[in-house]
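Undergrad: Below are the structure tokens for one structure; questions will follow.
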Amino acid sequence: MSLKYIARKAGWALLTLWFILSVNFFLFRIMPGDPVALLARSQRLSPEALDHQRQLFGLDQPLPQQYLTYLRETFSGNLGVSILSGTDVVSMVAARMWPTILLVGIGTLIAAVVGVLLGMRAGWRRGSGIDNGSMYTSLLLYSTPEGWLGMMLLILFAGALGWFPAGGYSSASSGGGAGDVSSHLALPVLTLALGYVGQFFIVMRASMIDVKSQDYIRLARAKGLTDPAVRRHHAAPNALLPTITLIVLSFGFVLGGAIVIETVFSWPGLGLLTYQAIQTLDYPVLQAVFLLSSAAVIVANLIADIAYGLLDPRIEQV
Amino acid sequence: MAAPAMADSASPSPTGTAAPTVLRVGMTSGIDNPNIFAVTSVAEWQAVVMQYDMLMRFGDKDLTAVPSLATGCDANADRRVWTCHLQPGLKWSDGKPLTSKDVAFSYKFVMDKQFDYFSGYFPEGTTFQTPDDLTLVWKSPTPTNGPTVPAWSYVVPEHIWGKYANADAKTIRAVSALPNVGSGPYVMTAANPGQNWTFTRNPNFWGPKPAYDSIEFQLFTNQDAMVQALKNGQIDIADGIEGSLLPAVSAIPNVAVQKVVADSWINLAFNFGGRPTANALPALQDIRVRKAIEMAIDKQQIVDKVYPGAASPGETIIRPLSAYWHLTVPKDKLIPYDPAAANAMLDQAGYTMGSDGVRIDPKTGKPLKIRMPVSDDTPGSTQAGQLVASFLKKIGIAVTVQPVTAGKMYDLQQAGDFDAYIWYWSGDPDPNYQLSAFDSSACPGLSDGCWKDPTYDAMFAKQQATLDPAARKVITDEMQQYVYDQVPNIVLIYPETIEAYRTDKVAGLTAVPEGNGYLMPSYVYTSMVNAHPVQADTGTTPTTSGSTGIPPWVWAVVAVVVIALGVLMVRRRRGEADREELD
């Protein structure tokens with residue numbers, strides 16, 4: 001693989017990042033309302049005090065000036081302070097990253113493994129009981145609103161049975177040990193995995209069906225290989241390629257958080273932070289989480305591009 | 001709480017004898033910053049109340065001033081100089097002495113840094129002197145009731161905040177260090193951002209020793225989940241429950257529900273066009289039209305449909321939580337719900353009904369069409385607005401309801417760009433702030449629609465100049481009645497707050513104000529000092545009790561399934577390998 005190819009892809013990634021950075025900035029500022037005014041009612045500020053606050057956050061500057069300041073500070077690693085709480089945005093976002101990685105990462109991983117394994121079997125025996133059963137279950141789960149699914153699991157397992165806590169990441173007094181966090185994690189991860197498993201299943205199944213009719217499968221059978229051996233060593237590896245793309249891209253979205261599930265389970269991740277920041281028009285926080293999640297997607301895309309180049313040399317020509 | 005968590009929580013208590021007692025509170029808002037000067041959310045205000053003291057505080061009975069750090073304050077003849085006497089022996093939670101110098105520093109600090117939500121009680125030019133450690137002399141440029149309002153401003157330690165004397169407000173708000181140093185019964189010692197916050201008992205608290213070793217706030221971003229947590233024992237108290245969940249909460253065994261009397265009011269305000277850019281409907285300047293609107297609105301129906309079980313119809317501008325100051329309108333002075341009379345009144349006033357069912361203003365010849373934005377930070381405002389529109393349709397007034405964000409609403413208010421709007425009011429339990437919002441001087445600032453009335457202004461000035469609470473109460477009642485009669489706005493709804501707690505876990509919670517007030521520390525910490533575990537003496541109930549966790553039989557089933565799957569896979573794999581060797 002040539003360095004030129006990698007450089008070209010990386011260049012595009014940087015350009016995309018700059019574009020997102022700019023959209024980020026202007027998008028939130030054309031939203032109606034004034035973040036400082038939102039503080040006013042709760043804090044009983046006078047109009048003079050509001051002007052004072054605007055000055056502090058640089059919101060009285062002309063927009064192009066604010067934009068240049070924003071670019072300069074972002075590239076020097078300063079994402080500003082939250083308008084609402086006054087605290088450093090970088091540390092706010094950092095504190096929310098781990099819970100999100102834990103929840104969305106594990107959930108996506110479980111969904112991918114289960115979806116791929118099921119899809120492999122279902123596609124191989126198209127029309128069988130296992131195919132029909134898992135197909136309908138997947139479609140049902142895929143089309144179920146995850147917020148509703150989460151609520152049902154919560155009412156059953158946290159409310160009625162009392163097996164798991166009804167929300168949060170850890171109990172304050174239990175010190176957040178692994179066991180404590182796992183018991184809090186169980187329901188949101190289950191919800192997320194159930195909600196995501198469908199897409200992996202459907203892609204894997206379709207690709208398995210496609211591969212099954214290829215000539216090399218016929219050849220493998222003609223050699224007299226057993227059915228499981230053909231499936232495992234000849235069909236599955238080829239059918240996995242499109243699914244891998246989906247998996248890599250899905251992991252790119254991990255840092256975007258899972259807004260609905262995090263809200264249902266009071267999970268202190270980036271999704272919840274985004275939701276709260278939108279409600280209060282907290283520009284610096286919004287910019288930071290959008291920047292982070294877009295950057296993660298861009299990086300995941302870059303990895304996928306480079307991986308393609310490695311797997312299939314023809315792609316470099318495109 | 002699940003089984004593994006209980007194992008983790010077995011950390012020894014300081015004495016090693018009994019498990020530490022913890023009061024767990026479910027909250028619907030969180031604490032983004034433990035810093036008192038960055039306070040915005042409900043949870044943050046409650047945290048401030050638990051950790052800090054006021055010079056004089058809100059009284060448990062009716063929120064009028066009672067002694068706190070100060071045993072009392074005396075005024076000179078013209079009420080420009082107040083002398084307050086501190087209790088001896090006060091200490092901060094870190095053991096350093098709390099003196100009048102801390103009080104003077106705190107007040108000057110919030111004035112200098114323009115922390116307006118704390119400094120509103122100190123007009124410019126106010127000075128503070130400390131002749132000795134127990135005496136504070138408060139000098140005001142104008143006559144004031146200052147300390148006995150009481151001044152809703154908290155005393156912070158100079159030895160902590162003094163180093164920021166030259167910093168700007170932004171730097172001070174960014175300070176975020178724990179543990180906090182305060183003088184209240186509990187101080188925040190730990191925070192897990194976005195999830196829970198721990199307040200530990202202050203060993204140097206000057207009042208009676210609270211029963212709980214610590215209090216935990218846990219954030220729930222989902223109200224139903226908070227109710228489930230109360231049910232399974234994960235929390236002992238749930239704060240700020242929505243009215244729609246009232247039946248679900250009431251059905252839980254061993255749960256008591258506290259409906260807190262309205263601490264805010266939902267406001268339907270009219271625009272009188274006092275702002276330079278204002279754009280107001282002329283017909284609404286006619287008091288007969290406004291009165292007809294008040295008569296056409298079925299407030300009880302709004303309560304039943306939008307806020308079931310958690311509100312009452314609104315009346316006067318001082319909310320019921322300000323128990324001492326709130327006026328209940330006498331029966332003979334009530335403007336009754338009577339759409340027929342409202343129609344007759346509009347007919348008589350010459351607003352003839354148009355062919356499309358909308359009345360015509362005889363002065364302008366234009367139809368009575370009202371643009372009514374409703375703010376999304378006001379719970380139920382959209383549904384309430386739609387009901388209002390349906391009521392007014394029956395008297396020939398067309399209303400367009402426009403839901404907007406609170407930020408947009410602020411823009412509309414400041415521009416005077418609305419005919420009527422639905423928003424809310426809250427604030428100081430002392431009536432002065434709320435009354436000031438109707439004074440002419442509140443335009444263009446706080447005022448809703450720039451209503452200006454010289455009679456009211458004169459009453460407001462008189463109210464400000466009166467010190468004696470009984471005399472002030474008389475004027476305040478007159479002012480509330482006057483606003484009610486003039487209808488510059490309609491007090492639509494008094495929304496209530498719902499709190500619930502486990503009666504089998506916690507006792508001693510004390511409502512402030514007395515009877516139907518808050519159990520949570522919204523204005524004072526009394527309830528948190530009086531609260532105690534139900535079985536504190538037996539020592540048999542660990543405080544982590546609650547949900548039983550996953551029962552052993554579930555673990556057993558899971559284990560059997562996992563082993564069976566494992567065995568199956570190994571056997572199949574072996575079989576396959578044998579066959580492949582044959583290939």
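Undergrad: Please give the helices (runs of 4 or more DSSP H) falling wholly within segment A:134-243 in which 3 or more residues are modelled with pLDDT of 90 or more and either under 30 Å from B:Val22 (Cα atoms) or within 12 Å of another protein chain (Cβ to nearest Cβ) (or both).
TA: Filter on segment A:134-243 gives A:146-153, A:178-212.
Undergrad: Can you tell me which of A:Val81, A:Val90 is under 21 Å from B:Ser176 (Cα atoms), within 11 Å of chain B (Cβ to nearest Cβ) and touching a residue at least 60 places away in the same chain (Cβ under 8 Å)?
TA: Just a single option satisfies the conditions, and that option is A:Val81.
Undergrad: Then there is this: Restricting to segment A:55-80, give me the number of residues that are within 30 Å of B:Gly445 (Cβ to Cβ) and buried (at least 16 other Cβ atoms within 10 Å of the Cβ).
TA: 5
Residues are listed down the side, and each one gets a yes or a no for (1) more than 27 Å from A:Gly167 (Cβ to Cβ); (2) modelled with pLDDT of 90 or more; (3) over 21 Å from the mean Cα position of the chain (by Cα):
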{"residue": "B:Asp236", "(1), (2), (3)": "no, yes, no"}
{"residue": "B:Gly243", "(1), (2), (3)": "no, no, no"}
{"residue": "B:Ser250", "(1), (2), (3)": "no, yes, yes"}
{"residue": "B:Val255", "(1), (2), (3)": "no, yes, yes"}
{"residue": "B:Lys259", "(1), (2), (3)": "no, yes, no"}
{"residue": "B:Ile266", "(1), (2), (3)": "yes, yes, no"}
{"residue": "B:Asn271", "(1), (2), (3)": "yes, yes, yes"}
{"residue": "B:Gly274", "(1), (2), (3)": "yes, no, yes"}
{"residue": "B:Thr277", "(1), (2), (3)": "yes, no, yes"}
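Undergrad: Continuing with the same structure: Any residue in segment B:282-294 that is surrounded by fewer than 22 Cβ atoms within 10 Å (Cβ to Cβ), hydrophobic (A, V, I, L, M, F, W, C) and at pLDDT 90 or above?
TA: The answer is yes, given that some residue of segment B:282-294 is surrounded by fewer than 22 Cβ atoms within 10 Å (Cβ to Cβ), hydrophobic (A, V, I, L, M, F, W, C) and at pLDDT 90 or above.
Undergrad: Checking B:Ala470 against (1) without any contact (Cβ under 8 Å) to a residue 40 or more places away in the chain; (2) among the aliphatic types (A, V, I, L, M); (3) surrounded by 21 or more Cβ atoms within 10 Å (Cβ to Cβ), which single condition isn't satisfied?
TA: (3)
Undergrad: Please specify each residue of segment B:377-408 satisfying the condition of being within 14 Å of another protein chain (Cβ to nearest Cβ) and in contact with a helix residue (DSSP H, G or I) (Cβ under 6 Å, 6 or more places away or on another chain).
TA: B:Asp377, B:Pro403, B:Ala406, B:Gly407
Undergrad: Residue by residue through segment B:208-238, note down the ones that are within 7 Å of another protein chain (Cβ to nearest Cβ) and without any contact (Cβ under 8 Å) to a residue 60 or more places away in the chain.
TA: B:Asn222, B:Asp224, B:Ala225, B:Gln228, B:Lys231
Undergrad: Sticking with this one: In segment B:327-351, which residues are in contact (Cβ under 8 Å) with a residue 40 or more places away in the chain, open to solvent by 20 Å² or more (accessible area, probe 1.4 Å) and assigned to a loop (DSSP other than H, G, I, E, B)?
TA: B:Leu327, B:Ile335, B:Pro336, B:Tyr337, B:Asp338
Undergrad: Evaluate segment A:194-210: report whether one residue or more is surrounded by 24 or more Cβ atoms within 10 Å (Cβ to Cβ), under 26 Å from B:Thr28 (Cα atoms) and of a type in the set (Ser, Thr, Tyr).
TA: There is no residue in segment A:194-210 that is surrounded by 24 or more Cβ atoms within 10 Å (Cβ to Cβ), under 26 Å from B:Thr28 (Cα atoms) and of a type in the set (Ser, Thr, Tyr).
Undergrad: In segment B:529-538, is there at least one residue being farther than 23 Å from B:Tyr186 by Cβ and open to solvent by 10 Å² or more (accessible area, probe 1.4 Å)?
TA: Scanning segment B:529-538 turns up at least one residue that is farther than 23 Å from B:Tyr186 by Cβ and open to solvent by 10 Å² or more (accessible area, probe 1.4 Å).
Undergrad: Given the structure, is B:Pro253 open to solvent by 30 Å² or more (accessible area, probe 1.4 Å), more than 21 Å from B:Ala511 (Cα to Cα) and not in a helix (DSSP H, G or I)?
TA: Yes.
Undergrad: Could you please find all residues in segment A:215-244 being among the hydroxyl-bearing types (Ser, Thr, Tyr) and either open to solvent by 30 Å² or more (accessible area, probe 1.4 Å) or over 26 Å from A:Ala112 (Cα atoms) (or both)?
TA: Within segment A:215-244, A:Tyr216, A:Thr226 meet the criteria.
Undergrad: Among the candidates A:Pro284, A:Pro268, which residue alone is open to solvent by less than 40 Å² (accessible area, probe 1.4 Å), within 30 Å of B:Thr40 (Cα to Cα), part of a loop (DSSP other than H, G, I, E, B) and in contact (Cβ under 8 Å) with a residue 40 or more places away in the chain?
TA: A:Pro268
Undergrad: Within segment B:256-274, can you find the residues that are open to solvent by less than 10 Å² (accessible area, probe 1.4 Å), more than 14 Å from chain A (Cβ to nearest Cβ) and either polar (S, T, N, Q) or in contact with a Phe, Trp or Tyr (Cβ under 7 Å, 6 or more places away or on another chain) (or both)?
TA: Hits for segment B:256-274 are B:Val260, B:Ala262, B:Asn271.
Undergrad: On to the next question. Inside segment B:194-207, can you point out the residues that are within 14 Å of chain A (Cβ to nearest Cβ) and either within 20 Å of A:Trp267 (Cα to Cα) or open to solvent by less than 20 Å² (accessible area, probe 1.4 Å) (or both)?
TA: B:Gly194, B:Gln195, B:Asn196, B:Trp197, B:Thr198, B:Phe199
Undergrad: Mind listing whichever residues of segment B:239-253 are within 14 Å of chain A (Cβ to nearest Cβ) and over 27 Å from A:Pro268 (Cα atoms)?
TA: B:Ala251, B:Ile252, B:Pro253
The values are calculated or read from the model by the stated rules, or taken from the named source; none is laboratory data. Since this is a predicted model, take the numbers as computed values, not measurements. Note that each Cβ is placed from the backbone with ideal geometry, even for glycine, and that neighbours are counted across all protein chains shown. The protein model used for the area step is the full one, side chains on, heavy atoms only, and it has no ligands, DNA or RNA in it. Shrake-Rupley method; radii C 1.70, N 1.55, O 1.52, S 1.80 Å.
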